[in-house]
Amino acid sequence: MAIASVATEYVFSDFLLKDAKEAKYKGVRLDLAVDKIVTFLAVGLPLFLISLAFAQEVSVGTQISCFPPTNFSWKQAAYVDSFCWAAVQQQADSSPFWLHKFFPYILLSLAILMCIPALIWRFTAAPHLSSDLSFIMEELDRFYNRAIKLAKNLASLDDKDANQDSQSSASELAEGCFKYLLVEQYLKTKRFTHILVVKYVVCRVLTLLILLLACLYLGYYILLASLIDEFPCDLRTGVLKNNSMVPPAIQCKMVAVGVFRLLSYINLGVYMLLSPLVVYAAFGPARQSSGFLRPYELLPGFGALGVIRPVYNDLSIYLMFLQENLSELKSFKCLQVLELLQLAGDEGFDTMCLLQTLGQVKTDVLDSRKMSTKNKEVKKPEE
């Protein structure tokens, strides 16, 4: 009997969480995996394509190649290239040649625009969400520890020596420990607030709009602007206006348009694939439920939250990010082990003693709550 008591003591001690010396939950994730993928690709891809564009410029040289007269020297030919490159946007042709000139900088603008929704979320919602998530996760771990400690104290009582008074006092102690679950009461209040969910949906809608605008621009560039890469350049300006030695027009060609067209195809294809992901993320709060907290139902007093309905409120946002940070919850891992042992029906005395004690405490708490509810219903008609 003494050996069994010592073994039970060790089992309870193993499942009891130790107090961390360092600050807890430093690595709380404030972005969902889908949002991280969208932001990484939407921002990183244009920056990568910009580097390819500038690498092409370094390897090929000038972005424009003009055909000067044969009597021009190499300095005059270089001047023609520089002059026509500067005068690209002044062409009378309706084709927007300036898009070829500023194509890398337009990609840079797209990357900056894609950062805006992530920055809005980071500076307006993430600080408040971080503090709340740390509080919720800490309370869940404390609730688990209280349940294990209570089960340990109850298991240490010898059933033969324990009288009815000690059993009733144990039930009252269990009821007192789990009567007011702070984390569940706090989460219930989030059913009636919509600040975080509005910010989340606004950021997703803004991301989708920027993606669609980028797709429109890239589609326009591919279908119209990139088809024409040659134009005439008039050199007769300034002191050369009346110089008969200078021809009225020189044919020029944009060298990098073919490369820019290929980069546009790549960027457009990736952005079109990201758009459904953004829509999927925007409907995330409507699909969220509290079913992932099912292992905590092994503990007495838990379960008053229930499975939420698919609605847009702050509670769905908290549950989404709580599910994203389950790896930070040590109590969740321990409860998963206990749940698997319970489903497997392990006959080991020590572990089953812990499970049986938790089940008994849970039953006592539920019975106490039912009795208090009945007493309230009886008192109301009498009044």
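Which ones in the range 127-146 are under 15 Å from the mean Cα position of the chain (by Cα) and crowded, with 17+ Cβ neighbours inside 10 Å? Matches in the range 127-146: Leu129, Leu133.
Considering the conditions (1) crowded, with 18+ Cβ neighbours inside 10 Å; (2) modelled with pLDDT under 90, Glu297 is excluded by exactly one of them, (1). Suppose the filter is modelled with pLDDT of 65 or more, part of a helix (DSSP H, G or I), farther than 27 Å from Leu206 by Cβ and in contact with a helix residue (DSSP H, G or I) (Cβ under 9 Å, 6 or more places away or on another chain); does Leu140 pass it? Here the answer is yes, as Leu140 does meet what is asked. Would you say Phe135 is modelled with pLDDT under 90 and closer than 19 Å to Leu216 by Cα? Criteria not met by Phe135.
Consider the range 305-358. How many of its residues are β-branched (Val, Ile, Thr), surrounded by fewer than 21 Cβ atoms within 10 Å (Cβ to Cβ), modelled with pLDDT of 60 or more and under 26 Å from the mean Cα position of the chain (by Cα)? Count: 2.
Go through Ile37, Ile50 for me and flag whichever is in contact with a helix residue (DSSP H, G or I) (Cβ under 8 Å, 6 or more places away or on another chain), surrounded by fewer than 15 Cβ atoms within 10 Å (Cβ to Cβ) and at pLDDT 85 or above.
Working: Ile50 fails: surrounded by fewer than 15 Cβ atoms within 10 Å (Cβ to Cβ).
Just one listed residue meets the conditions, Ile37.
Taking the range 247-282, which residues are assigned to a loop (DSSP other than H, G, I, E, B), among the aliphatic types (A, V, I, L, M) and touching a residue at least 24 places away in the same chain (Cβ under 8 Å)? Steps first, please.
Of all residues in the range 247-282, those assigned to a loop (DSSP other than H, G, I, E, B) come to 247-249, 255-256.
Next, from what is left, pick out any that are among the aliphatic types (A, V, I, L, M): 249, 255-256.
Val255, Ala256, listed by residue number.
Checking the structure you have, find out if any residue of the range 219-232 is more than 23 Å from the chain's Cα centre (by Cα), modelled with pLDDT of 90 or more and either part of a strand (DSSP E or B) or surrounded by fewer than 18 Cβ atoms within 10 Å (Cβ to Cβ) (or both). Yes; the residues of the range 219-232 include at least one that is more than 23 Å from the chain's Cα centre (by Cα), modelled with pLDDT of 90 or more and either part of a strand (DSSP E or B) or surrounded by fewer than 18 Cβ atoms within 10 Å (Cβ to Cβ) (or both). Taking the criterion of being at pLDDT 85 or above and touching a Leu at 6+ places or on another chain (Cβ under 7 Å), the residues of the range 245-265 that qualify are Leu263, Ser264.
The values are calculated or read from the model by the stated rules, or taken from the named source; none is laboratory data. Only a predicted model underlies this, so the values are computations on that prediction, with no experimental measurement involved. We place every Cβ from the backbone using ideal geometry, glycine too, and count neighbours over all the protein chains shown.
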